[in-house]
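Asker: Have a look at the structure that comes next, please.
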Amino acid sequence: MMKITVRILMMFVITLLAGNAMAAEKLQIDGSTTVGPIGDAFAEAFKDKVSITVSKTGSGDGAAALVEGRCDIAMMSRFMKDKEYKAAVNKDIYPVAHAIAMDGVCPIVHPSNPVKGLTSDQIRAIYKGEITNWKDLGGADRPIVMISRDTSSGTYETFHKLVMKKEKMTDSVEYVNSNPQAHARVKSTVGAIGYVGLGFLDRNVKALTIDGIKPSQSTISKGTFPVSRPLFLFTNGYPKLGSVVHAFCTFHLTEEGQEIIEDKGFVPVTDY
Amino acid sequence: MQTQLRQALNHLFTLSCGASVVLLVAALLLFLIPMLKKGAVAVLFRGTVEFRKMQAEQFDRGNEEALQKEIEQTAQSRQEIYAILDQFSRGIDTEKLTDEVKGLYRDYGDELRYKDTPKEQYTKLRSQAKIIRNHLLDAFESIDKTEINEYLDAVKVFEKGNSFSGTTVEKMFAVADGFQKTIQHVDLSRRGEYAEELSVVKEELYNLFGPRPEEKTPQLAMRRFGATRWDVAQKHLSFLLWQEKWVRSDDGQSMVSRKVRRDDPQYGSFSGTSLLPLFTLVEETLDISLKPRFTFYWQYFIDDSTPGHYFGGVGPEVLGTLMLTMLAMCFAVGPGVLSAAYLVEYAGDNLIVKIIRICINTLAGVPSIVYGLFGMAFFVTYVTRHPGILSAAMTLALLVLPVIIRASEEAIRAVPQTYREAAMGLGAGKFRSFITVTLPAAGPGILTGIILSLGRAAGETAPILFAGAAALAPIPDFGGKWWLQETRALSYGCYDITVGDKLAMMVPHKQFGMVMTLVMLVLCLNIVAIFVRSRMSKKLRGA
């Protein structure tokens, strides 16, 4: 009995080790859950050259990890805050930003909703609790269910800054923890409105236009879509030319990198 | 009277006990069965030829010859579908045609220069080619059939001139001919509408069959293959065949969904076009072009995965969870049992011991995220100086320590005093009687505590979130300092797969599969522990 168990375990370990090409260099990447999928996918492209660890603990932790030297590259869905930057400089770390992709935060509703677009003032009024029924916006007589991301996410911060103009949301807003959750909530609720990243748009939800502008690759990369944001990688100083970090941070400029970014539902910065 | 009341109460008690057991079992089944059933789909499913292609390319698995044969068999039926698609797209997707003609014009310029054509003739031929190109581009732009025919006729005039025979321009004439044929079947005024629908059709065909053989290989593994599973293929087939239209309902207020087949002769978006046969063809030949076969993908439990868990299995996660749990147990069991022994055997019943007991009980109730933060602030910052397996295991050990102490304490206390007295009567010291008599007798009880903590340690996400778990990490390199490397773990993977990527929405079976693996792993660990415990108690009873 014991022998068989040991043998099975050995087999298990050996199979795993066989599949693992031993890469010499190591790369530690930490940060935003939004940029995470790009980090993962870039890591797939680099897996033969270097062994990469990707942790997704949020933009704030990414910045902290870079300052504390816990990672080589920090993924962030927002720019570093003043405080974080000062903390970094005080520790002799000089963060350099590499904008690798663009993302749009798109308001979504249930596909049965006849409303096609809203102005940013209207969206703000909805989330402030001033408009509570779809009939005031040209829809059916149905109360609006507001879905928002949790206040610690970069998506919330972008929405809060660019749409809400930093005004407080009403108490009846329902907070969810992730993009897939927001999507699932809107998909299953007829009167719901929510917001997700561009990559999460699909046939189950309807994306609204903001001020008449449709969220799409071109409007987001040009910045005409009002809720667009760049996604960053931060390194300590500009990476040494020719190093793996350098290759990783400039990978978004190559054709392969752009293809990956598009496949992951983001917009390449070079898409004009 | 009193006897009857007592009997009734007894019956009531028995009944309620039985009912709660039934309720418990029902709740357990209600919880476990759907999860295991859905999770099993990750391992047992009908795999298509795309799945076998993926296995061959990503994991070097399967019989190459048989696979090649299968690919050839499927290629034919796919080719028929693509032929219909290409024929139709020629009239719709003018961008591609425009690029083609522009390219041909450029090639012709190169060709002339290469042949050292005299300058005068070069200018003449080149400008003529340019006229042809512009006529064609105008024709592609236009949506009026007579206008298009005029442009195309103007092109044909050059064809008769014979000055272009045997050159690249002939290819441009061929394009013109092809275009003339297609526009006869296409309602050009609806080109915009068609183009939009066509892009959906193309996307769904891609989802079914993957990139076409002549296309270049996509960067990401997830884009390299079509539908690897028959259930996924069925889903994409229905997306391909059925179009969901939202129309205003009769009361004019809300919208209702109407499903229309794309090739419906009356309402379908492609009615009356040459694309019509494509839909029934795909539907009828899908099992020929995908060759679904029942697959038992047991390697799911040992395979590495592509980022985002799109393909592959949970091998590194299983290994990581096993390592973390075992290591945590190694750290926790020793100190846990020893402190329990101290509390029962040596410590008196004074105030300090009471305070210690209260502290242990409180620790058992502290939320796990607090342990996680402590692990990051203490173990990662001061002990290992790097998040990794060691710091994560120590954090987990801390988490389960109170549970182990409490259970061991109870178990040791439950050993009859007479055992100890007998041991001492035979001349054994306090230490010796504890090691040889009390501890073995308390063994099964201590193991119960360990079983409880095993499941907890394997399933907790929060404590390892900052201390050493990563969404994507290489498999620990056992030749080097593996204890300082971060690892993947099932619990953290379950969390990551639900919140992280849009991919999770596309591969729900992987989500369920991972949860199922975690449940099974905990179950297996428990069964092993229970097995050990039963042998131990048998031995104690002297059997």
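The values are calculated or read from the model by the stated rules, or taken from the named source; none is laboratory data. The model shown is predicted, which means the values in this text are computed figures rather than measured ones. Positions of Cβ are backbone-derived with ideal geometry, glycine not excepted, and every protein chain shown enters the neighbour counts.
Asker: If you check B:Lys481, B:Lys502, which single one turns out to be within 14 Å of chain A (Cβ to nearest Cβ) and either surrounded by 18 or more Cβ atoms within 10 Å (Cβ to Cβ) or not charged (D, E, K, R) (or both)? Let's see the steps before the verdict.
Answerer: Numbers: B:Lys481 fails: either surrounded by 18 or more Cβ atoms within 10 Å (Cβ to Cβ) or not charged (D, E, K, R) (or both).
Just one listed residue meets the conditions, B:Lys502.
Asker: Mind counting the residues in the range A:144-170 that are surrounded by fewer than 16 Cβ atoms within 10 Å (Cβ to Cβ) and either in contact with a Phe, Trp or Tyr (Cβ under 8 Å, 6 or more places away or on another chain) or without any contact (Cβ under 8 Å) to a residue 24 or more places away in the chain (or both)? Outline the logic, then answer.
Answerer: Within the range A:144-170, the first condition is being surrounded by fewer than 16 Cβ atoms within 10 Å (Cβ to Cβ), and the residues that meet it are A:150-152, A:161, A:165-168, A:170.
Within this subset, residues satisfying the condition of being either in contact with a Phe, Trp or Tyr (Cβ under 8 Å, 6 or more places away or on another chain) or without any contact (Cβ under 8 Å) to a residue 24 or more places away in the chain (or both) are A:150-151, A:161, A:166, A:170.
Matching residues across the range A:144-170 total 5.
Asker: Would you confirm whether any residue within the range B:63-71 is surrounded by 12 or more Cβ atoms within 10 Å (Cβ to Cβ) and within 14 Å of another protein chain (Cβ to nearest Cβ)?
Answerer: No, there is no match, as no residue in the range B:63-71 is surrounded by 12 or more Cβ atoms within 10 Å (Cβ to Cβ) and within 14 Å of another protein chain (Cβ to nearest Cβ).
Asker: Across the range A:225-266, what is the number of residues that are touching a Gly at 6+ places or on another chain (Cβ under 7 Å) and within 14 Å of chain B (Cβ to nearest Cβ)? Explain how you work it out, then say what you get.
Answerer: Here is the first cut: in the range A:225-266, the residues touching a Gly at 6+ places or on another chain (Cβ under 7 Å) are A:225, A:227-228, A:251, A:264-266.
Next cut, within 14 Å of chain B (Cβ to nearest Cβ) only: A:251, A:264-266.
Final tally of qualifying residues: 4.
Asker: Looking only at the range A:41-55, which residues are closer than 16 Å to A:Asp72 by Cβ and assigned to a helix (DSSP H, G or I)?
Answerer: If the condition is that a residue be closer than 16 Å to A:Asp72 by Cβ and assigned to a helix (DSSP H, G or I), then A:Phe42, A:Ala43, A:Phe46 are the ones that fit.
Asker: Looking at the structure I just gave you, is B:Val169 assigned by TED's automatic domain parsing to the domain that holds B:Asp99 and either free of Cβ contacts under 8 Å to residues at least 12 places away in the same chain or surrounded by fewer than 20 Cβ atoms within 10 Å (Cβ to Cβ) (or both)?
Answerer: On the way: assigned by TED's automatic domain parsing to the domain that holds B:Asp99: yes; either free of Cβ contacts under 8 Å to residues at least 12 places away in the same chain or surrounded by fewer than 20 Cβ atoms within 10 Å (Cβ to Cβ) (or both): no.
No: the conditions fail for B:Val169.
Asker: Return yes when B:Ala428 is more than 9 Å from chain A (Cβ to nearest Cβ), in contact with a Ser or Thr (Cβ under 9 Å, 6 or more places away or on another chain) and part of a loop (DSSP other than H, G, I, E, B) and no when it is not.
Answerer: On the way: more than 9 Å from chain A (Cβ to nearest Cβ): yes; in contact with a Ser or Thr (Cβ under 9 Å, 6 or more places away or on another chain): yes; part of a loop (DSSP other than H, G, I, E, B): yes.
Yes.
Yes/no per residue for (1) among the aliphatic types (A, V, I, L, M); (2) under 30 Å from A:Glu259 (Cβ atoms); (3) in contact with a helix residue (DSSP H, G or I) (Cβ under 9 Å, 6 or more places away or on another chain); (4) touching a residue at least 24 places away in the same chain (Cβ under 8 Å):
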| position | (1), (2), (3), (4) |
| --- | --- |
| A:Lys56 | no, yes, yes, yes |
| A:Lys81 | no, no, yes, no |
| A:Gly104 | no, yes, yes, yes |
| A:His110 | no, no, yes, yes |
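Asker: Give all pairs with beta carbons closer than 6 Å in which a residue from the range B:112-131 that is within 17 Å of B:Glu159 (Cβ to Cβ) meets a residue that is of a type outside the set (D, E, K, R); count only pairs at least 6 apart in sequence or on separate chains.
Answerer: Sorted first by the residue in the range B:112-131, then by its partner, the pairs are B:Ala129/B:Tyr105; B:Ala129/B:Tyr108; B:Ala129/B:Val169.
Yes or no, residue by residue, for (1) assigned by TED's automatic domain parsing to the domain that holds A:Pro107; (2) acidic (Asp, Glu):
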position	(1), (2)
A:Gly191	yes, no
A:Leu198	yes, no
A:Asp202	yes, yes
A:Ile213	yes, no
A:Ala247	no, no
A:Gln258	no, no
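Asker: Okay, moving on. How do the helices (runs of 4 or more DSSP H) wholly within the range A:112-217 filter down when requiring 1 or more residues that are over 18 Å from the mean Cα position of the chain (by Cα) and β-branched (Val, Ile, Thr): which remain? I'd like the intermediate steps shown before the answer.
Answerer: Details: elements: A:120-127, A:154-162, A:179-188.
Counting at least 1 such residues, we get A:120-127, A:179-188.
Asker: Now, a different point. When residues of the range B:187-203 are filtered for being surrounded by fewer than 20 Cβ atoms within 10 Å (Cβ to Cβ) and either assigned to a loop (DSSP other than H, G, I, E, B) or within 14 Å of chain A (Cβ to nearest Cβ) (or both), how many remain?
Answerer: Qualifying residue count, the range B:187-203: 6.
Asker: Do we have any residue at all in the range A:34-46 that's within 15 Å of the chain's Cα centre (by Cα), at pLDDT below 85 and either buried (at least 24 other Cβ atoms within 10 Å of the Cβ) or more than 10 Å from every other protein chain (Cβ to nearest Cβ) (or both)?
Answerer: There is at least one residue in the range A:34-46 that is within 15 Å of the chain's Cα centre (by Cα), at pLDDT below 85 and either buried (at least 24 other Cβ atoms within 10 Å of the Cβ) or more than 10 Å from every other protein chain (Cβ to nearest Cβ) (or both).
Asker: So, of the residues in the range B:91-141 that are surrounded by 12 or more Cβ atoms within 10 Å (Cβ to Cβ) and either among the aromatic types (Phe, Trp, Tyr) or in contact with a strand residue (DSSP E or B) (Cβ under 8 Å, 6 or more places away or on another chain) (or both), which turns out to be modelled with the lowest pLDDT?
Answerer: Taking the candidates together, the pick is B:Phe140.
Asker: Filter the range B:464-478 down to the residues that are more than 21 Å from B:Thr395 (Cβ to Cβ) and not aliphatic (A, V, I, L, M), then identify the one that is nearest to the other protein chains (Cβ to nearest Cβ).
Answerer: Here is the first cut: in the range B:464-478, the ones more than 21 Å from B:Thr395 (Cβ to Cβ) are B:474-475, B:477-478.
If we keep only those that are not aliphatic (A, V, I, L, M) too, we end up with B:474, B:477-478.
Values: B:Pro474: 4, B:Asp477: 6, B:Phe478: 7 Å.
Result: B:Pro474.
Asker: Using beta carbons and a limit of 8 Å, which pairs, at least six apart or on different chains, have the first residue in the range A:199-224 and away from chain B (no Cβ under 14 Å) and the second one surrounded by 16 or more Cβ atoms within 10 Å (Cβ to Cβ) and part of a helix (DSSP H, G or I)?
Answerer: A:Ile210/A:Ser120; A:Ile210/A:Ile123; A:Asp211/A:Ser120; A:Ile213/A:Thr219; A:Pro215/A:Leu198; A:Ile220/A:Leu198
Asker: Could you tell me whether B:Leu351 is without any contact (Cβ under 8 Å) to a residue 40 or more places away in the chain and either over 17 Å from B:Tyr495 (Cα atoms) or acidic (Asp, Glu) (or both)? Outline the logic, then answer.
Answerer: Values: without any contact (Cβ under 8 Å) to a residue 40 or more places away in the chain: yes; either over 17 Å from B:Tyr495 (Cα atoms) or acidic (Asp, Glu) (or both): yes.
The answer is yes for B:Leu351.
Asker: B:Thr461 - would you say it is in contact (Cβ under 8 Å) with a residue 24 or more places away in the chain, under 22 Å from B:Cys330 (Cβ atoms) and within 11 Å of chain A (Cβ to nearest Cβ)?
Answerer: Details: in contact (Cβ under 8 Å) with a residue 24 or more places away in the chain: yes; under 22 Å from B:Cys330 (Cβ atoms): yes; within 11 Å of chain A (Cβ to nearest Cβ): no.
For B:Thr461, the condition - in contact (Cβ under 8 Å) with a residue 24 or more places away in the chain, under 22 Å from B:Cys330 (Cβ atoms) and within 11 Å of chain A (Cβ to nearest Cβ) - is not met.
Asker: Now a separate question. Failed condition for B:Ser189, given (1) touching a residue at least 24 places away in the same chain (Cβ under 8 Å); (2) in contact with an Asp or Glu (Cβ under 6 Å, 6 or more places away or on another chain), with all others met?
Answerer: Looking at each condition in turn, B:Ser189 falls short on (2).
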